[in-house]
Amino acid sequence: MVMKPTERDSLLIRLDERSKNIYNLSEKQERHLAELNNKVAKNVADIAVNCSRLDYLTTNSVSVRLSRKQVIVGGSSVAPFVALVLIELGKLLNWW
């Protein structure tokens, strides 16, 4: 099939626009990928730091257990929540 010069020119213009759009999209994808790679690299470094800290704690026999005060404070913050849940369940089941 033989194309007319006007048809050929319009096709070339469309192909040129398409190529520009593909190029712009690939540039955006490369920038986004670079940002993601930076975040992954930061996370890997953070994990390595945390692992080395945990290794230090375990090799030097540092206690990682909660103190009595921490357990009491944690329990006292959970108790009101449990009480509220029980009260709401009682209301739903028409206990009072």
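Below is a table of values for the structure above.
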quantity: Virtual spin-label span in nm between ILE47 and GLN29, 7 Å along Cα→Cβ; calculated: 2.5 nm
quantity: Under 22 Å from the Cα of LYS20 - lysines, other chains or at least 8 residues apart; calculated: LYS28
quantity: Degrees separating the helix 68-92 axis from the principal Cα axis of the chain, which is the longest one; calculated: 80 degrees
quantity: Rg ratio (alpha-carbon, reference 2.2 N^0.38 Å) - region 1-64; calculated: 2.52
quantity: Phi to ³J(HN,Hα) by Karplus 6.51 cos²θ - 1.76 cosθ + 1.60 over region 10-22, Hz, x for Gly, Pro; calculated: 5, 5, 5, 5, 5, 5, 5, 5, 4, 4, 4, 5, 5
quantity: Part-to-part distance (alpha-carbon centres) for region 81-96 and region 1-68, which is given in Å; calculated: 49 Å
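No lab work stands behind these numbers, since they all come straight from the coordinates. This is a predicted model, so every value here is computed, not measured. Cβ coordinates were reconstructed from backbone atoms using ideal geometry, including for glycine residues, and neighbour counts include every protein chain displayed.
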